[in-house]
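The values are calculated or read from the model by the stated rules, or taken from the named source; none is laboratory data. Note that the coordinates shown come from a computational prediction; the quantities given were computed from them, not determined experimentally. With ideal geometry, Cβ positions are generated from the backbone for all residues, glycine too; neighbour counts draw on all protein chains shown.
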Amino acid sequence: MFKKFGYSLVVGLSASALLLSACGDVSNNAEHEVSPELEKTIETVSAEEKANDVITPHKDLNQEPVPLKMERDGTDVYIEMTAQITDIEIEEGYEYKAWTFNGEAPGPLVVVNEGDTLHFTLDNQDPAIPHSMDFHAVHTAPDKGFIDVAPNEKGTFSYQASKPGVFMYHCGTDPVLSHIANGMHGVIIVQPNDGYPTDDEVDKEYVVIQNEWYKYNDLEDMTNNVPSQVVFSTKALHEGQPNTNGTVGAIQNAPLEAKVGDKVRIYVNNVGPNEVSSFHVIGTIFDDVYMDGNPANHFEGMQTVMLPASGGAVVEFTVKEAGEYPFVTHQFNHATKGAVGLIVVTE
């Protein structure tokens, strides 16, 4: 039976960091200044608390997941996401008070088109900690487009998704490792304007994300030790597909599906935060691979695709017989810790 881990608190907040998020052009920054009362709260949270304890403002806090808000007006896409604290059962009997986007870890899937301008709003519903958004799919000055949003405030930012691919997004607030490892990560797919050369051949397509878990909010463990779990999740790309968190057995309990002869496409990303993924589907070979999901980066006949932390790819393969096809990271110590998914192929 899984044993709960001890944990220690490392938050590393400061009132000055919050003040930085409130200055400058309102269209690209947090919307409100920090009140003296909020500064006092942040100072309290910044201090280390007793080990093996949840940060005080998060105790008894379990915010319900919030649906992603997205609206399109031509090539302008308006996206609103939340930063919030939501309990997630990583493994049977082990509840983790995750720092999340929209109550999911990984956060909700975002799909846009090459050339779209994103108008992104972060609603920080965390009562104690500033959060931010770092989209790997855009060009922006980080000190303008990726700055902190104070607790109980909103910030709105604009930037263009100019390159196609399968990109990571994550909270970029210091210490970044704490925010990513506590659950604030996800995937944004930027669809190529001209598609992929194999679009007409693909029968099924899915999204798979790999992430790691460590001792709760323990920066020392996240920095110096190995993950306690390495897991896969899937996010619904099409209606009726499973949408899971990064929990042990998630894509074994809700397997992906295909028919004999189908060409299957998987948009895969390793959000880390620390480990490499060696993505491999047992029983088949990748016909086509587009590294980072860019059609220009085309490979054929690959057995395993290596993904650095934050790395993505589009992998395509054909399933020729009925049966169960596991997929793993071929770092088998990580597969043993939970990084195993399943594709069920029927006649």
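Worth a mention:
- Subset of region 210-237 that is part of a loop (DSSP other than H, G, I, E, B) and farther than 23 Å from residue 280 by Cα - its residue that is farthest from the chain's Cα centre (by Cα): 225
- Some residue of region 160-175 being without any contact (Cβ under 8 Å) to a residue 60 or more places away in the chain, surrounded by fewer than 24 Cβ atoms within 10 Å (Cβ to Cβ) and part of a helix (DSSP H, G or I): no
- Which listed residue is in a loop (DSSP other than H, G, I, E, B) and either crowded, with 24+ Cβ neighbours inside 10 Å or at pLDDT below 95 (or both), from 107, 155: 107
- In summary, strands (runs of 3 or more DSSP E) completely within region 265-323 and bearing 1 or more residues that are under 21 Å from residue 236 (Cα atoms) and either under 20 Å from the mean Cα position of the chain (by Cα) or touching a residue at least 40 places away in the same chain (Cβ under 8 Å) (or both) occur at 277-281, 286-291, 312-318.
- Subset of region 211-235 (residues that are small (Gly, Ala, Ser) and surrounded by fewer than 24 Cβ atoms within 10 Å (Cβ to Cβ)): 228
- Residue under evaluation residue 144, criteria (1) more than 30 Å from residue 316 (Cβ to Cβ); (2) assigned to a loop (DSSP other than H, G, I, E, B); (3) not aliphatic (A, V, I, L, M), criterion not met: (2)
To keep it simple, each residue is scored yes or no on (1) in a loop (DSSP other than H, G, I, E, B); (2) charged (D, E, K, R); (3) at pLDDT 95 or above.
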| residue | (1), (2), (3) |
| --- | --- |
| 32 | yes, no, no |
| 40 | no, yes, no |
| 52 | yes, no, no |
| 65 | yes, no, yes |
| 83 | no, no, yes |
| 88 | no, no, yes |
| 111 | no, no, yes |
| 127 | yes, no, yes |
